[in-house]
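Reading through the structure tokens given below for one structure.
The values are calculated or read from the model by the stated rules, or taken from the named source; none is laboratory data. This is a predicted model, so every value here is computed, not measured. Positions of Cβ are backbone-derived with ideal geometry, glycine not excepted, and every protein chain shown enters the neighbour counts.
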Amino acid sequence: MKTFYATTPIYYVNDLPHIGHIYSTVVTDVLTRYHRLLGEKTWFLTGTDEHGQKIERAAAAQGTEPIELANRVVLRYHELYRRFGIANDDFIRTTEARHRRGVEEIIRRIEAAGDLYLARHEGWYCASCEAFYTEKELVEQKCPIHGEPAAWQSEENVFFRLSKYAGRLQEIYRSQPGFVRPETRRAEVMSFVEAGLKDLSVSRTNIRWGIPFPGRPGHVVYVWLDALSNYVTALGFGAGDERLYREFWENPDGRRVHVIGKDILRFHAVYWPAFLLSAGIPVPTTVWAHGWWLRDEKKMSKSVGNIVQPDALVEEFGPDALRYFLLREMAFGQDAAFSDQAFLERYNADLANDLGNTVSRVAALCRQAFGSSPPEPCDDNEVIGAWERAREAWRVAMDESAFHRGLEAVWKLLSEINGFVVSREPWKILKEEGPSRRLSRILYACAEGVRLVAVLLSPFMPETSRRICAALGAAAKEAALEDLEWGRLSTGAALPAPEALFPRVDAAAYFSTEEAKTMSTNEPARPAAAPIADDDGRISIQEFQRVRLVTGRVVEAERVPKSNKLVRLQVDLGSEKRQVVAGIANRYEPEALVGKNVVIVANLKPAKLMGVESDGMVLAATVGAAGDPSLLEVAADVPPGSIVK
Ligand code: MSP
């Protein structure tokens with residue numbers, strides 16, 4: 001039987017979880033739910049990495065024992081996972097006895113393969129990475145990832161013959177193209193190994209907080225060898241009952257996928273398979289390295305001090321809104337910026353409006369007409385075609401782990417269902433014909449379309465998916481493959497009173513409360529901006545005339561890479577061509593912009609947006625609380641460069 005085993009990194013317990021950590025876990029949750037939906041037998045592991053210098057130090061700084069710190073932080077993980085609807089099957093802590101026994105067994109096997117020896121080890125060490133760096137890798141004597149000063153360390157260590165495995169690793173990268181994903185990361189790993197592998201020190205003598213190294217008194221196991229082993233020790237490897245290990249790790253028909261952040265790629269794609277090869281254990285099938293959530297263009301991390309804690313957002317908007325945002329905003333594999341603004345925009349536009357309104361509109365119409373789901377099914381309408389296209393696009397995207405594209409496919413279907421509702425005007429039919437057969441067939445198509453939206457959303461937003469099914473009188477069980485077939489909506493089921501899935505949040509009010517919160521806690525009040533208008537807010541005609549508004553014709557348009565909103569326009573202003581970057585890509589496809597006659601603020605100081613120079617600004621109305629852009633257009637016969645006043 002096909003099995004699917006997915007893991008998250010195990011998280012350090014030196015501090016509380018932030019959005020970056022929760023992201024890896026949500027992704028793994030989505031992935032496992034998807035494979036379960038396909039009918040595979042799945043196992044989902046997460047956990048905590050509790051040994052090593054980093055934890056020892058953090059505990060000492062807090063005047064506590066490492067295990068007490070770990071116990072506290074682990075509780076936060078459990079609590080957060082429960083609130084986020086994370087359906088993990090197991091949670092491993094590296095301080096557990098089952099883990100220690102498994103690590104001892106791995107080391108016994110590596111030793112038996114003749115791959116361990118003692119030698120003096122010297123080098124620059126970053127405690128935050130728990131890794132050595134060469135002089136060349138440091139940036140001004142600091143760790144290239146954390147920016148912390150690296151410390152010189154010199155001690156007698158146990159070494160692992162990593163160099164011996166270079167050839168076999170390269171063979172894996174070549175023969176198993178999906179071993180490291182995405183492709184850019186595979187290339188990175190391959191060139192790292194091609195440059196030559198040095199043996200790796202796998203014990204420490206300068207710390208006590210770790211697993212005692214078998215047969216080497218005074219040494220503890222290097223925290224990465226300890227931590228990586230969790231992926232098999234949690235399945236019972238080396239600790240007696242190995243049933244899960246055999247089922248999920250040794251199954252030749254099984255997939256073993258590690259979801260990680262790109263920061264720990266080398267450990268997972270080089271060291272881990274080398275340890276496994278040495279110990280005679282199969283290697284994983286895929287190491288999937290995702291990008292970083294950035295804040296102020298830096299990786300969000302505790303040492304940088306720019307983290308977003310998920311608690312407040314979950315409290316305010318619910319777990320599914322955050323799950324949706326994380327999966328939709330980040331193209332899986334690339335970096336993405338986290339901003340409250342972007343979050344709220346997506347919340348209002350995608351969730352409150354597109355999803356929430358469609359569901360409540362369809363459910364309300366069914367209830368109004370029949371008091372139940374429509375009595376007459378219908379398998380002949382254009383929603384079916386839209387559904388088949390959406391299912392295909394969704395499957396392809398999900399199989400490639402392109403989650404943002406999977407969600408895009410669902411939103412396309414939503415908009416097609418909406419288009420169908422608008423074109424058929426069921427409210428008119430209800431008025432004219434009452435609950436007729438024709439009306440039943442139209443509403444069935446809409447309700448069945450919405451049920452299928454709920455199925456496609458189920459790996460992403462399990463709670464919302466259940467609520468949508470409940471609103472349509474459909475069974476609220478975990479979705480299975482057969483639920484992806486058209487025509488499974490039960491006809492005539494009583495419908496509950498409608499409730500809003502995602503109540504709209506007023507952006508201005510939200511930000512003013514958030515700002516008030518920040519100002520009252522720690523930030524000094526910002527200085528007032530220089531006055532630009534009289535007290536009553538009016539400006540003189542002279543002041544207005546300082547703004548040079550001209551018409552222009554868009555001659556080229558393309559998306560700014562890595563941005564969902566920005567589009568780069570080349571605009572013909574008659575006497576010159578300008579490059580202008582506009583935040584309108586969420587509402588306009590670039591191709592549709594070419595040829596449009598627009599209004600440009602021509603004397604704006606140039607600025608860089610996501611690294612792209614913008615010389616001017618294109619005018620657009622902002623619609624609704626989400627501020628959706630609607631371009632200001634000028635008649636086609638107005639020549640470029642005409643003054644607007
Ligand atoms: N304990 C090691 C992993 C051992 S796995 C055998 C570790 N822990 S960590 O707490 O630092 O978390 C690392 C993981 O959290 C990253 O690999 C990534 O998956 C996730 N993230 C932490 N910060 C992140 C961002 N700013 N953005 C996205 N994910 C990030 O390393």
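So the values come out like this:
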read-out: Search result, residues across the range 261-288 that are within 8 Å of the ligand (Cβ to nearest atom) and under 12 Å from R185 (Cα atoms); value: G261, K262, D263, I264, H268
read-out: Test result for I22, over 20 Å from the mean Cα position of the chain (by Cα), within 10 Å of the ligand (Cβ to nearest atom) and part of a helix (DSSP H, G or I); value: no
read-out: Residues (in contact with a strand residue (DSSP E or B) (Cβ under 9 Å, 6 or more places away or on another chain) and either in contact (Cβ under 8 Å) with a residue 40 or more places away in the chain or surrounded by 19 or more Cβ atoms within 10 Å (Cβ to Cβ) (or both)) located in the range 112-127; value: D115, L116, Y117, L118, A119, H121, W124, Y125, C126, A127
read-out: Meets criteria (part of a strand (DSSP E or B) and in contact with an Asp or Glu (Cβ under 9 Å, 6 or more places away or on another chain)) for Y117; value: yes
read-out: Meets criteria (within 16 Å of the ligand (Cβ to nearest atom), surrounded by fewer than 21 Cβ atoms within 10 Å (Cβ to Cβ) and assigned by TED's automatic domain parsing to the domain that holds R437) for A342; value: yes
read-out: Residue match in the range 366-383 (condition: out of contact with any Pro (no Cβ under 8 Å at 6 or more places or on another chain) and either of a type in the set (A, V, I, L, M) or not assigned by TED's automatic domain parsing to the domain that holds N418 (or both)); value: yes
read-out: Subset tally (residues that are in a loop (DSSP other than H, G, I, E, B) and crowded, with 16+ Cβ neighbours inside 10 Å) for the range 591-618; value: 4
read-out: Test: residue in the range 95-106 that is more than 21 Å from the chain's Cα centre (by Cα), touching a residue at least 24 places away in the same chain (Cβ under 8 Å) and not in a helix (DSSP H, G or I); value: yes
read-out: Boolean, Y165 is modelled with pLDDT of 95 or more and either outside the structural domain of L45 (by TED's automatic domain parsing) or surrounded by 20 or more Cβ atoms within 10 Å (Cβ to Cβ) (or both); value: yes
read-out: Members of the range 224-244 that are modelled with pLDDT under 95, out of contact with any Lys or Arg (no Cβ under 6 Å at 6 or more places or on another chain) and not charged (D, E, K, R); value: G240
read-out: First in the range 129-146 and closer than 17 Å to F267 by Cα, second anywhere and away from the ligand (no atom under 16 Å from the Cβ) and not small (G, A, S), Cβ under 7 Å, 6 or more apart; value: F132/W124; Y133/W124; P144/E137; P144/L138
read-out: Where a residue in the range 461-485 is in contact (Cβ under 8 Å) with a residue 40 or more places away in the chain and farther than 21 Å from L365 by Cβ and its partner, wherever it lies, is of a type in the set (F, W, Y) and in a helix (DSSP H, G or I), with Cβ under 6 Å and at least six apart; value: M461/Y324
read-out: Output for the range 198-244, where each listed residue is surrounded by fewer than 20 Cβ atoms within 10 Å (Cβ to Cβ), touching a residue at least 24 places away in the same chain (Cβ under 8 Å) and of a type outside the set (G, A, S); value: K198, D199, T205, N206, I207, R208, P214, R216, L244
read-out: Conditions (1) of a type outside the set (G, A, S); (2) at pLDDT below 85; (3) more than 26 Å from A500 (Cα to Cα): number failed by M330; value: (2)
read-out: Tally of residues being of a type in the set (D, E, K, R) and within 16 Å of the ligand (Cβ to nearest atom) across the range 99-140; value: 2
read-out: Number of the condition not met by E345 [criteria: (1) over 30 Å from G487 (Cα atoms); (2) assigned to a helix (DSSP H, G or I); (3) within 15 Å of the chain's Cα centre (by Cα)]; value: (3)
read-out: In the range 559-573, the residues that are touching a strand residue (DSSP E or B) at 6+ places or on another chain (Cβ under 8 Å) and loosely packed, with under 15 Cβ neighbours inside 10 Å; value: R559
read-out: Some residue of the range 251-264 being in contact with a strand residue (DSSP E or B) (Cβ under 8 Å, 6 or more places away or on another chain) and either part of a loop (DSSP other than H, G, I, E, B) or among the hydroxyl-bearing types (S, T, Y) (or both); value: yes
